[in-house]
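The block underneath contains the structure these notes are about, expressed in C-alpha cells.
The values are calculated or read from the model by the stated rules, or taken from the named source; none is laboratory data. All values derive from a computational prediction rather than experimental measurement. Cβ: placed from backbone, ideal geometry, glycine included. Neighbour counts: every protein chain shown. Only protein heavy atoms, including side chains, enter the accessible area calculation; ligands, DNA and RNA are left aside. Shrake-Rupley method; radii C 1.70, N 1.55, O 1.52, S 1.80 Å.
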Amino acid sequence: MERTFAIIKPDAVERNVTGQVLSMIEEAGFKIVGMKKIQLTRKQAEGFYYVHAERPFFGDLCTFMSRGPVIALVLEKEDAISSWRNLMGATNPANAAEGTIRKKLGVSIEENTVHGSDAPETAAYEIPYFFSALELV
Ligand code: RTP
Ligand code: MG
C-alpha cells in the first residue's frame, strides 16, 4: 500500500463540490487516512509549492491557494501516487481525459480543483507539511 497527498483546492471549496470530489476518490477505491480543512497563509502556500518558485505562475498560484480554505487529504491505495494523478487528469482541464476530476470539475489551468503529489519524494515532503503521524489513521 502506498500513500499520497491530495488537496481539494479553494475553487472547489468555494463552489461546494468537495463532496463530489470525495465521492470520486472513494469510488476509485482510495482509503482516506487523513483529512482536514485548513486555510493556508500566503507564506505556507509558498513553502508548499517551493519547487515552483522560479516559474512565472508562482505568484498567482500562491495567491490562489491561500485565498480560501482547502481540504488536505492523505490517500492510501496500491500505486496511490500514480493512481491519484490519473484520477485528477491533466493540469489544464481542457486537456483532461473523460472521467477525471479536472475534466468534470476543473475551471482553468490554475483553478484545477485538485492537487496530487507527483513522486514518492514529493509525497514524503507534502504529507508531513500538513499532518502529524498521529493524524493518519
Ligand atoms: P499540482 O501540483 O497542483 O497537483 O498540479 P500539477 O502537478 O498538475 O501541475 P504543476 O505543473 O505542478 O503546477 C502546479 C499548479 O500551478 C497552477 N498552474 N498554473 N497559469 C499557469 O500556466 C499554471 N500552470 C500551473 C495549477 O494550479 C497547477 O495545478
Ligand atoms: Mg505538481
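Hand me the GluC sites (Glu not before Pro) from the stretch 52-137 located in a DSSP loop with no more than 12 other Cβ atoms within 10 Å, in residue order please.
Counting only loop positions with at most 12 other Cβ atoms within 10 Å, the GluC sites (Glu not before Pro) in the stretch 52-137 are 54, 78, 98.
For the stretch 1-90, with all protein chains present and a 1.4 Å probe, just round the carbon and sulfur fraction of the accessible area to a whole percent. Mind showing how you got there, number by number?
On the way: 2170 of 4470 Å².
Ligands and nucleic acids excluded, carbon and sulfur reach 49 percent.
Take the alpha carbon gyration tensor of the stretch 1-53, find the square roots of its eigenvalues, order them as a ≥ b ≥ c, and report rounded if a/c is under 1.5; if not, report prolate when a/b exceeds b/c, else oblate.
Here the stretch 1-53 falls in the oblate category.
Go ahead and run the numbers for FRET between residue 98 and residue 118, Cβ-Cβ distance against an R0 of 25 Å, rounding to 0.05. Walk me through the numbers before you get to the answer.
Values: r = 22 Å, r/R0 = 0.88.
For R0 = 25 Å, the calculated efficiency reads 0.70.
Amide H neighbours of residue 2 under 5 Å, counting only residues 5+ apart in sequence or on other chains, H built in-plane at 1.01 Å?
For residue 2, the qualifying residues are 77, 78, 79, 80.
Please list 3J(HN,Hα) in residue order for the stretch 94-111, calculated via the Karplus relation 6.51 cos²θ - 1.76 cosθ + 1.60 where θ = phi - 60°; whole Hz, with x for glycine and proline.
Each residue of the stretch 94-111 in turn: 5, 9, 6, 6, 3, x, 8, 5, 5, 5, 6, 10, x, 9, 7, 4, 8, 8 Hz.
Leaving out ligands and nucleic acids, note down the accessible area per residue over the chain with a 1.4 angstrom probe, in whole Å². Spell out each step's value before the answer.
Numbers: 7020 Å² over 137 residues.
Each residue of the chain exposes 51 Å² on average to a 1.4 Å probe.
Using the Cβ atoms and a cut-off under 14 Å, what net charge is assigned to the surroundings of residue 79, where Lys and Arg are +1 and Asp and Glu are -1?
That works out to 0.
Please identify every one of the chymotrypsin sites (Phe, Trp or Tyr not before Pro) in the stretch 56-95 that sits in a loop by DSSP and has no more than 12 other beta carbons within 10 Å of its own beta carbon.
For chymotrypsin sites (Phe, Trp or Tyr not before Pro) across the stretch 56-95 that sit outside H, G, I, E and B with at most 12 neighbouring Cβ atoms in 10 Å, the list reads 57.
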